[in-house]
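Worksheet: the structure to be examined is printed underneath.
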Protein chains: 2
Amino acid sequence: MPIRIVVDAMGGDYAPAEIIKGSVRALKEFKDTVIIFVGDEAKINPLLEAEDCEQNIEIVHTDQFIAMDESPKEGVKTKQKASINLAMQILNENEADALVSAGNTGAIVLSAAKHLSMIQGIERSGLATIYPTAKIHPSNHGFSLMIDVGATLHCTPKQLVHFAYMGSYYLSHILEIPHPRVALLNIGSEETKGGETLTKAYRYLKDAPGINFVGNIEGNDVPRGMVDVVVTEGFVGNIVLKTLEGASDVLRVAGRYAFKKRLIWKVGLALLSSGVKQLKKRTDYSEYGGAPVLGFKKLVIKAHGRSNAKAFFNALSVARRSVIEGVVEHIGESVQKFNQQHRIDFLEI
Amino acid sequence: MPIRIVVDAMGGDYAPAEIIKGSVRALKEFKDTVIIFVGDEAKINPLLEAEDCEQNIEIVHTDQFIAMDESPKEGVKTKQKASINLAMQILNENEADALVSAGNTGAIVLSAAKHLSMIQGIERSGLATIYPTAKIHPSNHGFSLMIDVGATLHCTPKQLVHFAYMGSYYLSHILEIPHPRVALLNIGSEETKGGETLTKAYRYLKDAPGINFVGNIEGNDVPRGMVDVVVTEGFVGNIVLKTLEGASDVLRVAGRYAFKKRLIWKVGLALLSSGVKQLKKRTDYSEYGGAPVLGFKKLVIKAHGRSNAKAFFNALSVARRSVIEGVVEHIGESVQKFNQQHRIDFLEI
């Protein structure tokens, strides 16, 4: 049976052109894969014709879509036929195995919550992101995964443990990191730090089967890549992730600005430019195949808003691989085992 | 009447030698200032003799102190005669106007909470930090203040507004920034983002007299220095601040590491080295005079743990200035006005 991936053809800064290009590359490379494009036929068809690609393609037409700068809440609610909403419906009706969109992140998360069923035993979805880290020690892979970065602002201890399972299984299956090291993001390393929710989550994680829990880490360990999976509530994860993005922008710009003041620095900068490009490539989000929205019975991949064809192809490869590996099923099984182990703690009495 | 500053002579990585040196410099520069050293006389006296300084000095002897890596909770509780505890008692008994310590941050915050009275109308203390930012636009000062970074992990809307007052008055009086731009750290710019506490704080801040509130900012605006005062709960502030520190470390190390691979890059790096030093100087925490612990009737300044004499001198200058300017009194007056304005909202019924 072919793997069926539904693609939001209208989402992303370079949609639909780069989305179609990346998808066609995937179709040519993966003969086992069918792509269902949701979007404006009048725009999609000429692009497909130009790429000379006909096989394993289905198109579901709609002329509605949610723009990148549109209010996600309003868009998801009022535009029922928006490409992301239609794509989610197709996914939920079991007509596809996974979904990829480079569109409005908020709209993807909200539309998933509106249309998809959760994995049994999981209460809240987690948006994970893979971010570049230092690669100084051999144990650093050069990237880590953070979950949640904005789907669930505040969490219970149980939900944080579920995030640990989601992130851990995703990394081990998709990026082939065996036994990923998992940590809670906190304000200190001691078990008793950070308030009740975090201390409870710490206790659960210590004994959670299948989780390689290494304790708490502090903010400075996030960019250092001290662990593979950083678990945190969405409010904190979102702010930390954006702080990291802002810091790397600022240091680049500030350096360039400062170094242009003197000729000798200008020369130095010029000599370094190819090195800077290499460093920049390592911190290129398109390399990591997008951010998974986890916790639903179907996998959703949010590709970067600025995705070009290559980045979108990577996101599709990840989606396909997650279906083949059964990532969602593995997460479900392990979460159910964990919930069962703690069924008395979780009784709501 | 002289300004009396109590100094924890035993706190900091280079205590007591650099602490005494920095203090002596302050005594020589500020003839209106008396310093009360709390610590081990046997260590302090020879250092003072070497500096040839006798005037405006008092010493309160103790041989207990809380080490930099000691548990703050245990230390503050069990070592009643620890230098920081004694110094706080002296401050609380009105024998001094301000306190400066380069010691264990947690111990300073806890000892302050244990020994000092809050400003009337303020419920929780805030630890503020001044951090370097981009200085690209003329409206950037090259630094911003974040409050709270770890004194109060979770806050009510009212407490967040109080932090805004603390940070705003501190910046305007100590760093001479008129009408500092104040923002809430959030996951989006809209007023309705981030949950009930933040939306309520947003509503209060819009109309708060004396506060130049510019709305919400996201994580990426923190290192960009888009505003002068970033208001957030201590849990988030602590993690964001440490993430920033970690990111700047990582980028420096990663750059150096990567750039040493090829000869041409090595040469480029060598040409840039003086520029890198200048950039580093701008991000040198010792320039900003330490982190104030605000909300108490007396001002406490936490100097950086790695303070040398110059950094400690800067922290003392800031403490002295805050007494002269009446920063604590100004914060008190404005908070009381704000509380009065919202007295119906804040009735606990």
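Every number here is computed from the coordinates shown, using simple stated rules; none is lab data. Small disclaimer: the values here were computed from a predicted structure and weren't measured. Here the Cβ is made from the backbone with ideal geometry for all residues, glycine too, and neighbour counts use every protein chain on show.
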*According to the Cα gyration tensor, what semi-axes, each the square root of 5 times an eigenvalue, does the equivalent ellipsoid of the protein assembly as shown have, listed from largest to smallest in whole Å?*
50, 28, 24
*Sort A:211, B:36 so that the residue with the fewest other Cβ atoms within 10 Å of its own Cβ comes first and the one with the most comes last.*
B:36, A:211
*asked:* Using a 7 Å offset from the Cα along the Cα-to-Cβ direction at both residue A:29 and residue B:337, what is the distance between the two label points in nm, to one decimal?
replied: 6.3 nm
*asked:* So, R0 is 45 Å and r is the distance between the beta-carbons of residue A:207 and residue A:266; what FRET efficiency does that work out to, to 0.05?
replied: 0.20
_At a 10 Å Cβ-Cβ cut-off, how would you order A:52, A:207, B:148, fewest neighbours first?_
A:52, A:207, B:148
*So which of A:73/A:298; B:28/B:302; A:31/A:114; B:31/B:298; B:77/B:298; A:206/B:81 end up more than 26 Å apart by C-alpha?*
A:31/A:114; A:206/B:81
*Non-local amide H neighbours of residue B:33 (under 5 Å, H modeled in plane, Pro and chain starts lacking H): which ones?*
B:3
*asked:* From the phi angles alone, apply the Karplus equation (6.51, -1.76, 1.60; θ = phi - 60°) to the stretch B:47-52 and give each ³J(HN,Hα) in whole Hz, x where the residue is Gly or Pro.
replied: 5, 5, 4, 4, 7, 6
*Go ahead and set up a Gaussian network model of chain B, Cα springs under 10 Å, then flag whichever of B:172, B:248, B:144 fluctuates most.*
B:248
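Which of A:54, B:123 comes first, and how do the rest follow, when ranked by fewest Cβ neighbours within 10 Å?
A:54, B:123
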_For the stretch A:24-122, average projected area of the Cα convex hull in nm²_ = 7.1 nm²
*For chain B, what is the calculated [θ] at 222 nm in deg cm²/dmol (nearest 500), taking -39500 (n - 2.57) for each run of four or more DSSP H residues and dividing by its residue count?*
-15000 deg cm²/dmol
*Quick one: in the stretch B:92-185, what % of C-alpha pairs are over 22 Å apart?*
35 percent
*Using Cα-only point scatterers and the Debye equation, what is log10 of I(q)/I(0) for chain B at each q in 0.06, 0.14 Å⁻¹, rounded to two decimals?*
-0.23, -1.13
*Between residue A:345 and residue A:58, what length in nm is gained on full extension when 0.36 nm per residue of separation is reduced by their alpha carbon distance?*
98.6 nm
_Explain nothing, just compute: Karplus ³J(HN,Hα) = 6.51 cos²θ - 1.76 cosθ + 1.60, θ = phi - 60°, for every residue of the stretch A:214-223 in order, whole Hz, x for Gly and Pro._
10, x, 8, 10, 9, x, 5, 7, 5, x
*Would you kindly work out, in nm and rounded to one decimal, the distances from the label point of residue B:117 to those of the same position in each other copy, ordered shortest first, with label points 7 Å along Cα-to-Cβ?*
6.4
*Sort out for me the Cα centre separation of the stretch B:146-190 from the stretch A:143-222, rounded to whole Å.*
29 Å
*asked:* Defining the label point at 7 Å along Cα→Cβ, can you sort the distances from residue A:196 to the same site in each other copy, shortest first, in nm?
replied: 1.5
